[in-house]
Amino acid sequence: MRQRNLLLDEFNMLILNDEKTEVVQFSSRLRSDAVKLSSLRIGESDIAPSATVRNLGVKLTHDGSMSDHISHICKNGFYALRRIGKIRQLLDRPTTEKMVHAFVTSQLDYCNSLLYGVGKFQLGRLQSLQNAAARLVSRTRKFDNITPVFIDLHWLPVEARIKFKILLTTFKIVHRAAPLYLMDLIEIYTPTRDLRSSNSLRLVPPRGMFNKAYGQRAFSVCAPSLWNSLHPDICNASSVDCFKRVLKTHLFAKHYY
């Protein structure tokens, strides 16, 4: 049996397999003067950087474009739609919608908060997948207007679903129902004196200038911005289920009316 080189972290009791370790160097594709990492020493091996690495099922691209992850979603999603389409005539609409949610929508929603701020082209690829799913469920022709179909199905578009996930996570943080490592990312605004806005649950936006393509996509930056744009009545929802309901109604009306 071939022996593997292992690295033991004595503090965390973590065993790393250097033969399965990947390294990625994140940098802007616009910065040609950035210092490139040639290799990284892991155990007794030198690991060369990769353009894309996988973590918890998400493919992270070195330039932050998430293009490989989006390609993976589209490939699996359209494959699932083709398989469902072959038996569509045997299925009623509710069953078809359940299958689409199980095999397509679940992939669109998985870790979709990482897709906030990606380019319009990449976002459009995901929207095309969701459009095809809606047409399959409703049996709408290819060139018919898709907006009435989404309204009838009561589906949020991809961009709104991304914002929904970020705002839902923020709601849990504000109400102390999220892990500590997330709660450390945002700060609730506390006025220095008693004001009418004292109970509005506003968040403190981070200071500084942030690059639109990278910095503004960070959760600590986009979450306060999206949260503070909500009406206080939405932020003060009594429960998670109530917040989901009123937030979806708000986003639905914002995108379709």
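All conditions in (1) at pLDDT below 95; (2) of a type in the set (A, V, I, L, M); (3) not assigned by TED's automatic domain parsing to the domain that holds LYS248 hold for LEU136, with the sole exception of (1).
Among the residues of the range 84-130, those identified as touching a residue at least 12 places away in the same chain (Cβ under 8 Å) and over 28 Å from ASP63 (Cα atoms) are ILE84, GLY85, ARG88, ARG93, THR96, GLU97, MET99, VAL100, PHE103. The residue of the range 217-257 that is farthest from LEU153 (Cα to Cα), among those that are buried (at least 16 other Cβ atoms within 10 Å of the Cβ) and aromatic (Phe, Trp, Tyr), is PHE219. Once the range 131-149 is narrowed to residues that are touching a residue at least 40 places away in the same chain (Cβ under 8 Å) and among the small types (Gly, Ala, Ser), the residue that is farthest from ASP92 (Cα to Cα) is ALA132. Out of the residues in the range 207-242 meeting the condition of being of a type in the set (S, T, N, Q) and in contact with a Leu (Cβ under 7 Å, 6 or more places away or on another chain), tell me which one is nearest to ASP184 (Cα to Cα). Applying the filter and picking the extreme gives SER220. Here SER67 clears all of (1) within 19 Å of the chain's Cα centre (by Cα); (2) within 22 Å of LEU156 (Cβ to Cβ) except the condition numbered (2). The residues of the range 156-177 that are under 17 Å from the mean Cα position of the chain (by Cα) and outside any helix (DSSP H, G or I), listed by number, are LEU156, PRO157.
Filter the range 26-36 down to the residues that are loosely packed, with under 14 Cβ neighbours inside 10 Å and not charged (D, E, K, R), then identify the one that is modelled with the lowest pLDDT. I'd like the intermediate steps shown before the answer.
Initial filter on the range 26-36 (loosely packed, with under 14 Cβ neighbours inside 10 Å): 26, 28-36.
With not charged (D, E, K, R) added as a condition, the list becomes 26, 28, 30, 32, 34-35.
Details: PHE26: 78, SER28: 72, LEU30: 65, SER32: 55, ALA34: 62, VAL35: 65.
Here the answer is SER32.
The values are calculated or read from the model by the stated rules, or taken from the named source; none is laboratory data. If you're wondering where the values come from, they're calculated on a predicted model, not measured in any experiment. For neighbour counting, all protein chains shown are included, and Cβ atoms are generated from backbone atoms with ideal geometry for every residue, glycine included.
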